[in-house]
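In what follows, a single structure is set out as structure tokens and then discussed.
The values are calculated or read from the model by the stated rules, or taken from the named source; none is laboratory data. Predicted model, so just to flag it, every value in this text is computed and none were measured. Note that we place each Cβ from the backbone using ideal geometry, even for glycine, and neighbour counts take in every protein chain shown. For the accessible areas, the whole protein counts, side chains as well, though only heavy atoms, and no ligand, DNA or RNA atoms are used. Shrake-Rupley method; radii C 1.70, N 1.55, O 1.52, S 1.80 Å.
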Amino acid sequence: MAIQGRFRLSGAAAFSKVFQQAVVSADASFKVLGCNTGQAHSRLGMAVSRQVDRRAVGRNRIKRIIRESFRLHYLRQHKGQPVDVVVLPRPAAAAICNKRLFDQLARHWSRIDERLRKEC
């Protein structure tokens, strides 16, 4: 199941809102920013640059993993308040296997949820 347009963060205003009001979770592979949203559902934004992986195949793999992990956590299991999330992969992510990327993202989703609950 692909993530539909209403679950995507699009436009400079939406991204800048997340960057300004962000709760951050970071490690060697990802920097994940999140903030509570006024929307009815959670939304995902990504910025995967050529610095992460020179090859489009590698960047697309990372984007697919991010979308699938987001879909499983926020669109199927998430019971809390909807959030806007921006994921910024780092170059180290290109060398890591899919399973480890999924595990790292799951930890980031949990951290973001926990930090947003504390903020409220």
query: For segment 20-108, what is the charge dipole size about the Cα centre, in debye to the nearest 20, if Lys and Arg each add +1 at the Cβ and Asp and Glu each add -1 at the Cβ?
result: 360 debye
- request: Take segment 70-118, compute every pairwise Cα distance, and split them into 10 Å bins from 0; I just need the percent in each bin.
  value: 21, 54, 22, 2
query: What 222 nm value per residue comes from the helices of the chain, counting each DSSP H run with n ≥ 4 as -39,500 (n - 2.57) and dividing by all residues, nearest 500 deg cm²/dmol?
result: -12500 deg cm²/dmol
message: Computing the accessible area with a 1.4 Å probe over protein heavy atoms, can you report the carbon and sulfur percentage for segment 8-120?
response: 50 percent
- request: Go through A93, A106, L75 and say which Cα lies farthest out towards the positive end of the charge dipole of segment 49-120; charges sit on Cβ, +1 for Lys and Arg, -1 for Asp and Glu.
  value: A93
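State the antiparallel share, in %, of DSSP beta bridges confined to the chain, rounding to the nearest 5.
Numbers: 11 of 16 bridges.
So the antiparallel bridges amount to about 70 percent of the total.
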Debye log10 I(q)/I(0) at q = 0.14, 0.18, 0.21, 0.22 Å⁻¹ for segment 18-81, Cα point scatterers: -0.49, -0.79, -1.01, -1.08
statement: Spelling it out for L9: with amide H atoms placed in the peptide plane at 1.01 Å from N, the residues 5 or more places away or on another chain with amide H under 5 Å from its amide H are L44, G45
Rule-of-thumb Rg ratio for the chain [Cα; 2.2 N^0.38 Å; N residues]: 0.99
statement: Full extension between A40 and S10 adds, at 0.36 nm per residue less the Cα distance, a length in nm of 9.2 nm
- prompt: Of the peptides 110-119, 57-66, how do they stack up when ordered by the mean number of other Cβ atoms within 10 Å, highest first?
  reply: 57-66, 110-119
query: What are the ³J(HN,Hα) values, in whole Hz, obtained from phi via the Karplus relation 6.51 cos²θ - 1.76 cosθ + 1.60 with θ = phi - 60°, for each residue of segment 79-93 in sequence order, with x given for Gly and Pro?
result: 10, x, 5, x, 10, 9, 10, 10, 10, 10, x, 10, x, 4, 5
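Structure shown: which of K63/K118; K17/K79; K17/K118; K63/K99 lie over 21 Å apart, alpha-carbon to alpha-carbon? Can you show the working numbers first?
Values: K63/K118 29 Å; K17/K79 23 Å; K17/K118 19 Å; K63/K99 14 Å.
Result: K63/K118; K17/K79 exceed 21 Å.
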query: Which length gain, in nm to one decimal place, applies between S49 and A106 when the Cα-Cα distance is subtracted from 0.36 nm times their residue separation?
result: 18.3 nm
task: On a 0 to 90° scale, report how tilted helix 98-119 is relative to the longest principal axis of the chain, with both axes built from alpha carbons and the result rounded to the nearest 10.
output: 20 degrees
- prompt: Counting only protein chains, not ligands or nucleic acids, how are L9, L72 ordered by accessible area (probe 1.4 Å), most first?
  reply: L72, L9
message: I'd like to check one number: the per residue accessible area of the chain, probe 1.4 Å, reported in Å² as a whole number.
response: 55 Å²
